Amino acid sequence: MGTSTSSGGGRSGSPFDPEWLSPDGVASGGASSGNSSDSEQNGTGDSIDSEASTGPENVQAPERRFGPARTQMSSYLGNGSRGNLRNATKSMISKGMGGASRAASTMRNTARGAGALGQFLVAAREGSDQGVKDWVAHCRSANLSASDLALEVLKVVLSDSGSIDEDSLLDAGAEALAKLYENNPNVDIFALTDAQIAEVIGRTIAIQICQQIDMLLGQTYEKLEHDPALIQERRADIREWVWAEVRVVLEQKQTGYMDPKSLAESVLQSALEVFAE
């Protein structure tokens, strides 16, 4: 579930948002995709919009805020009960992250990244932005492999400054695109349907939620003496369960005209609300 490592978290007097999370979101970066004014006009800029988010104020978190979630996760690792898993994520979001709205604010870069990826894929399909159109033509002429092509797309859309947040987002986007190719081996990434683009957005969000579970509750994996193969089996089950829940939300939100940015924000917020119930 990505390369994120577990975090101590939950220290008394610490803020809800991690210190490395920029208040402005992901910094702009990546390769240029053409005329900037045209890109901005069409909502397909070459990196995530760095406009400041207006999330909940980052107040001090309660002591041992992830303790109950880790207890439930310990039980889940031992018995495989989805009930314990659901209780773990509920406590992680509601107490550990300060509720669904605050969690969505903390994970705002997830929505921005998934939305930007979706916007770029729409622009590539429609050819409405000359810079993106020229870039697509260049990539087609290079005859890249599916994995290399996905990497090139992510380099254009997402920043690659090496921060924890941005690395995990790149991992999530890469895994989402890899899953797209796995399910549709002959798919043309520059001619995706709305449903396929929405699925890439949803999977990116689901993988990022799994990475949050890894980062915030991962100490449970390390402290318990479970067989490593069992831990990986449980983590695969977590990924399957999270995606199933996000997919339900995605299907509910995906109606009529699709605006990737709005879809990503709505799916993340609603999914976190479901996991916090």
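Each value in this text was obtained by applying a stated rule to the coordinates, not by laboratory testing. What you see is a predicted model, and the numbers here were worked out from it, not measured in a lab. Quick reminder, even Gly has a Cβ in these numbers, built from the backbone with ideal geometry, and neighbours come from all protein chains shown.
With one equal scatterer per alpha carbon and no solvent term, the Debye-computed log10 I(q)/I(0) for the stretch 179-235 at 0.14, 0.19 1/Å reads -0.57, -0.76. Backbone N atoms of the stretch 102-133 closer than 16 Å to the 7 Å Cα→Cβ label point of S147 are not found in any residue.
Calculate the dipole size of the stretch 63-276 relative to its Cα centre from +1 charges on Lys and Arg beta carbons and -1 charges on Asp and Glu beta carbons; express the result in debye to the nearest 20. It would help to have the intermediate numbers written out before the result.
Numbers: 23 positive and 28 negative charges, 164 e Å.
With Lys and Arg at +1 and Asp and Glu at -1, about 780 debye.
Along the axis of the charge dipole computed for the stretch 127-277 (Cβ charges of +1 for Lys and Arg, -1 for Asp and Glu, origin at the Cα centre), the listed residues P185, V200, V246 are led at the positive end by P185.
What is the diffusion coefficient of the stretch 125-277 in µm²/s, taking the Kirkwood radius over Cα pairs and the Stokes-Einstein relation at 4 °C with a viscosity of 1.567 mPa s?
Using the Kirkwood radius from Cα pairs, D works out to 76 µm²/s.
Extension gain for the segment I164 to A236, taken as residue separation times 0.36 nm less the Cα-Cα distance, is 23.7 nm to one decimal. At the listed q of 0.16, 0.25 Å⁻¹, the Debye profile of the stretch 120-180, built from one uniform point per Cα, gives log10 I(q)/I(0) equal to -0.55, -1.10.
FRET efficiency for the H226 to E273 pair, using the beta carbon distance and R₀ = 30 Å, is estimated at 0.45.
Total lysine pairs in the stretch 63-276 at Cα distances under 29 Å, for residues eight or more apart or on different chains: 17.
With each label modelled as a point 7 angstrom along the Cα→C-beta vector, the D134-S262 pair spans 3.2 nm. The base-10 log of I(q)/I(0) for the stretch 59-195, evaluated at q = 0.09, 0.10, 0.19, 0.21 Å⁻¹, reads -0.41, -0.49, -1.08, -1.20 [Debye formula, identical scatterers on Cα atoms, solvent excluded].
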